[in-house]
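Q: Pasting in a structure now, in C-alpha cells, and then I'll have a few things to ask.
The values are calculated or read from the model by the stated rules, or taken from the named source; none is laboratory data. Please read all numbers here as calculations on a predicted model, not as lab measurements. Don't worry about glycine lacking a Cβ; one is built from the backbone with ideal geometry, like all the others, and counts go over all protein chains shown.
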Protein chains: 2
Amino acid sequence: MKVRVFVSLKEGVLDPQGKAVGHALENLGFRDVGEVRISRVVDLDVPAATAQEAVEKGEAMARALLANEVIEDFRVEAAS
Amino acid sequence: MKVRVFVSLKEGVLDPQGKAVGHALENLGFRDVGEVRISRVVDLDVPAATAQEAVEKGEAMARALLANEVIEDFRVEAAS
C-alpha cells in the first residue's frame, strides 16, 4: 500500500536552502518574494493490509530515518 | 498569497536518493519496502491579488528555477 510522508522544518527553524531559493528568485526578477520554505515528500510502497497499518509503518519509518524530529515535523498519509 | 509548488521526478527517471533511502530502511529492519521516490515541496509567499495570479507566478518560478523540466514535473496550488 502506498504511503506519503511529508517532512517539513519546524516553525522557527531557519531554512538556508529556502533562503537561497528566495534570493535566486529575486535575482531572476521575481519581486517581493516572501519567505520560501522547502520540504520533502517521500512516497513509499509498504506491505500493509489496511491503510491504518500503512500509516503506522510510515510513521515508524519517519521516526527511524526520514525525519529529524529535532528540527523537522512529519505527517503521514495513506495514498491510493 | 501563499503558493505551494510540488516538484517530482518524471516517471521512469531513476531516483538514486530514493533508492538509498529504500536500502537504509531495509537495513533498519523494514521488510519489503517497495519503490521509494522523493519529491520537493516549495512553499512561497508571492504578491498576487487573486489565487490564479499567484498560481501563474508559481508556475513561472517553477519553470525558471524550481523544477528541472527535463527530468521533473511540477504542480502549483494556491494555499490559504
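Q: Of the residues that make up the range A:62-78, is at least one within 15 Å of the chain's Cα centre (by Cα), in a helix (DSSP H, G or I) and crowded, with 19+ Cβ neighbours inside 10 Å?
A: Yes, the range A:62-78 contains a residue that is within 15 Å of the chain's Cα centre (by Cα), in a helix (DSSP H, G or I) and crowded, with 19+ Cβ neighbours inside 10 Å.
Q: Something else now. Residue check: is A:G34 free of Cβ contacts under 8 Å to residues at least 24 places away in the same chain, buried (at least 16 other Cβ atoms within 10 Å of the Cβ), touching an Asp or Glu at 6+ places or on another chain (Cβ under 8 Å) and not basic (K, R)? Step through it out loud before you land on a result.
A: Working: free of Cβ contacts under 8 Å to residues at least 24 places away in the same chain: yes; buried (at least 16 other Cβ atoms within 10 Å of the Cβ): no; touching an Asp or Glu at 6+ places or on another chain (Cβ under 8 Å): yes; not basic (K, R): yes.
Spelling it out, it is not the case that A:G34 is free of Cβ contacts under 8 Å to residues at least 24 places away in the same chain, buried (at least 16 other Cβ atoms within 10 Å of the Cβ), touching an Asp or Glu at 6+ places or on another chain (Cβ under 8 Å) and not basic (K, R).
Q: Something else now. If you take the residues of the range A:22-42 that are aliphatic (A, V, I, L, M) and in contact with a helix residue (DSSP H, G or I) (Cβ under 7 Å, 6 or more places away or on another chain), which of them is modelled with the lowest pLDDT? Quick ask: steps written out before the conclusion?
A: Residues of the range A:22-42 aliphatic (A, V, I, L, M): A:24-25, A:28, A:33, A:36, A:38, A:41-42.
Still in the running and in contact with a helix residue (DSSP H, G or I) (Cβ under 7 Å, 6 or more places away or on another chain): A:24-25, A:28, A:33, A:36, A:38, A:42.
Details: A:A24: 97, A:L25: 97, A:L28: 97, A:V33: 93, A:V36: 97, A:I38: 98, A:V42: 98.
Applying the filter and picking the extreme gives A:V33.
Q: Sticking with this structure for a sec: Among the candidates B:A48, B:A20, B:A24, B:A54, single out the residue that is within 17 Å of A:R31 (Cα to Cα), of a type in the set (A, V, I, L, M, F, W, C), within 12 Å of chain A (Cβ to nearest Cβ) and not in a loop (DSSP other than H, G, I, E, B).
A: Values: B:A48 fails: not in a loop (DSSP other than H, G, I, E, B); B:A20 fails: within 17 Å of A:R31 (Cα to Cα); B:A24 fails: within 17 Å of A:R31 (Cα to Cα).
After ruling out the rest, the residue left standing is B:A54.
Q: Within the bounds of the range B:46-54, is there any residue that is buried (at least 17 other Cβ atoms within 10 Å of the Cβ) and under 30 Å from A:M61 (Cβ atoms)?
A: So far as the range B:46-54 goes, no, none of its residues is buried (at least 17 other Cβ atoms within 10 Å of the Cβ) and under 30 Å from A:M61 (Cβ atoms).
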